[in-house]
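See structure below.
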Amino acid sequence: GAVLVAHLTAGHTKGTTTWTMDETEGGRTLHVVIVGSPNVNPGYKLVGNKAYPRIASDYRHGFQVLEGLPCDIFLGAHGGYYGLQAKYSRWKSGDRDAFIDPEGYRNYIADRERAFESELKRQQAGTR
């Protein structure tokens with residue numbers, strides 16, 4: 001009965017996808033966001049990338065999409081994005097709201113966007 005909605009959040013790769021769904025629990029609707037990857041890995045060429053000329057603009061568009069998504073439950077392609085181990089431990093100990101983390105989502109997206117902008121500026125300046 002779940003409906004997943006795909007959101008193109010390209011940049012990390014051309015096809016990076018973030019998924020959303022709504023989950024009803026205890027009479028409340030929670031917005032779930034499963035982040036693809038907004039990370040700029042070491043060696044990514046953001047300026048003058050002949051294989052992916054739109055990489056920087058795709059990252060920026062991806063961040064616009066991510067910033068516009070309502071999020072109660074933050075999940076991601078890798079557990080480290082959203083603190084899976086700590087949240088799962090809390091959940092196992094009885095904290096049924098352990099995965100509800102809209103602030104963690106906003107902070108993660110803002111941090112990744114700052115890292116992207118910093119690396120883009122560095123590459124535009126031609127520094128290594």
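For segment 68-125, the set of trypsin sites (Lys or Arg not before Pro) satisfying both a DSSP loop assignment and a count of at most 11 other C-beta atoms within 10 Å is given as ARG96.
Per-residue accessible area (protein heavy atoms, 1.4 Å probe) orders THR17, THR24 as THR24, THR17, starting from the largest. Here the accessible area is traced with a 1.4 Å probe on the protein chains. For the chain, carbon and sulfur cover 52 percent of it. Solvent exposure of segment 35-85, expressed per residue, is 53 Å² of accessible area, with all protein chains present and a 1.4 angstrom probe. Among residues other than SER118 with Cβ under 13 Å from its Cβ, the summed charge is 0 (Lys and Arg +1, Asp and Glu -1). The aspartates and glutamates within cross-link reach of LYS45, meaning a Cα-to-Cα straight distance under 17 Å and a gap of 8 or more places when in the same chain, are ASP58, GLU113, GLU117, GLU119. For segment 16-66, chymotrypsin sites (Phe, Trp or Tyr not before Pro) are listed when DSSP marks them as loop and at most 10 other Cβ atoms sit within 10 Å of their Cβ; the list is empty.
When the P(r) is computed for the chain, the part past 17 Å accounts for 60% of the Cα-Cα pairs. If you run the Gaussian network model on the chain, springs between alpha carbon atoms under 10 Å, then out of SER93, SER118, SER37 the most flexible one is SER93.
Restricting the GluC sites (Glu not before Pro) of segment 58-128 to loop positions (DSSP other than H, G, I, E, B) with no more than 13 neighbouring Cβ atoms within 10 Å leaves nothing. Counting only heavy atoms of the protein chains and using a 1.4 Å probe, VAL47 has close to 60 Å² of accessible surface.
Return the FRET efficiency for the residue pair TYR88, TRP19: r is the Cβ-Cβ distance, R0 is 30 Å, and the value is rounded to the nearest 0.05. It comes to 0.95.
The values are calculated or read from the model by the stated rules, or taken from the named source; none is laboratory data. This is a predicted model, so every value here is computed, not measured. We place every Cβ from the backbone using ideal geometry, glycine too, and count neighbours over all the protein chains shown. Side chains included, ligands, DNA and RNA excluded: accessible areas come from the protein's heavy atoms. Shrake-Rupley method; radii C 1.70, N 1.55, O 1.52, S 1.80 Å.
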